[in-house]
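Note sheet for the following structure.
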Amino acid sequence: MLAWLDKALQDRPLLLMLIGLPASGKSTLREEILKEHGDEFIVVSSDQAIEDYAVQNSMTYDEARGVFSTSQMLDYKQVLVDKALAEGKSVIWDETNLWRRVRRQKMEMLPGYKTLGAYFPLSLDDCKTRVLERAASENGKNILGSVLTNMASSMEEPQASEFDEFMQLSVNKPATGQPNVQKQSKPGLF
């Protein structure tokens, strides 16, 4: 399933930047990658930081999100980036990464890394549906519809020119519950 990643990892270290609205499939792909390549990657994820904080403090995700400060989040991300640089490990940056300026700033934190943008296009309606489904099945993780609307309206769709390599992905979970990753990329990339 991840043959494209095996090829991309030949030019390590790699920054795999996941881009898309909440519940678009970014973390699902991250988990599939970590099953096969876990020791090769460091994951930078605000959601993971909040989830870890929630577990450590016996809170729901929403409760933890309310008390986990911006400075704590920035410190957390910097520690992970520094670790990746020191160990020469590849990075999965698993956040929405909605704006070009933010994507560029993150890439600048990892000089010399090959950049691969993985975009998960998802309609706002599908996003809202998936977020509601996720909120019902996970530890209190929910995002207001108005926040999702604002995110969708302000998103700057990624362009291939921003990255060394770029592709669009969609992740669906059929009846088996296993993700079905479908890749679309420019011819010749992978």
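Throughout, read-outs are computed from the coordinates displayed, never taken from laboratory work. Values in this document were obtained by computation on a predicted structure and should not be read as measured data. FYI the Cβ positions are ideal-geometry reconstructions off the backbone, even for glycines, and counts take in every protein chain you see.
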### Query
When Glu32, Glu156, Glu95 are ordered from fewest to most other Cβ atoms inside 10 Å of their Cβ, what list results?
Glu156, Glu32, Glu95
### Summary
Note: Gln159 to Val67 extended length (0.36 nm per residue) minus current alpha-carbon separation gives 29.7 nm
### Query
Taking a quarter of the surface of the Cα convex hull of region 87-145, what do you get in nm²?
5.8
### Query
Over region 3-185, what is the mean sequence separation of C-alpha contacts under 8 Å (at least six apart), divided by residue count, expressed as relative contact order in percent?
33
### Task
Note down the nm distance, to one decimal, between modelled labels 7 Å out along Cα→Cβ at Asp126 and at Ser46.
2.3
#### Entry: Kirkwood-Stokes translational diffusion coefficient of region 14-126, alpha-carbon pairs, 4 °C, 1.567 mPa s, µm²/s
88
### Query
What are the principal axis extents of the Cα atoms in the chain, in Å, biggest first?
41, 36, 33
### Query
In region 3-185, what % of DSSP beta bridges are antiparallel (nearest 5)?
25
### Query
Amide H of Thr115: which non-local residues (sequence gap of 5 or more, or other chain) have their own amide H closer than 5 Å, using H built in the peptide plane?
Leu15, Asp164, Glu165
